[in-house]
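The values are calculated or read from the model by the stated rules, or taken from the named source; none is laboratory data. Values in this document were obtained by computation on a predicted structure and should not be read as measured data. As a convention, Cβ positions derive from the backbone with ideal geometry for all residues, glycine included, and neighbour counts pool all protein chains shown. The protein model used for the area step is the full one, side chains on, heavy atoms only, and it has no ligands, DNA or RNA in it. Shrake-Rupley method; radii C 1.70, N 1.55, O 1.52, S 1.80 Å.
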Amino acid sequence: GQLRRSTEPYDNLEPDKNDETCLFVGDLGRGTTEDMLVQEFSKYGEIENVDMKRDKGTGRSLGYCFIHFKTKDQADLARTKAHRAKLGSRAIRIGRARRNTALYIADLDPSVTTDKLRSVFQPFGELHMV
């Protein structure tokens, strides 16, 4: 099939497939390209999509991507064999892609209360506050 690449910065910060064929690849060097990823990971199986995450303003890599394989077995092989392997000058980190539902909020004005935060975010869904 045709390899699909995401071209939109911040285009879904999470994987667009929530299945076992999608891997998170992190600790990528700034110079890492989609072509480098395809070259490195194709030896483990057929890649359907490389979704490199980029800064919205500069277009620079954010240092991570999601790679979608054709099958779970191919993704498992890549995760096992390539975790902590060198890509360029850096050891990359690989894990199962998971939907991130946590939101960290920092540097709030002291006047912002838990109730105020709850009222702002409640319309978007159920909250589990820590």
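The figures follow:
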read-out: Residues that are open to solvent by 40 Å² or more (accessible area, probe 1.4 Å) and β-branched (Val, Ile, Thr), drawn from region 31-52; value: Thr33
read-out: Residue selected from region 120-130 under the condition open to solvent by 80 Å² or more (accessible area, probe 1.4 Å) and outside any loop (DSSP other than H, G, I, E, B), by the criterion modelled with the lowest pLDDT; value: Phe124
read-out: Matching residues in region 39-71 - criterion: being within 10 Å of the chain's Cα centre (by Cα) and among the basic types (Lys, Arg); value: Lys53
read-out: In region 60-119, the residues that are out of contact with any strand residue (DSSP E or B) (no Cβ under 8 Å at 6 or more places or on another chain), open to solvent by less than 70 Å² (accessible area, probe 1.4 Å) and closer than 20 Å to Glu34 by Cβ; value: Gln74, Leu87, Gly88, Ala91
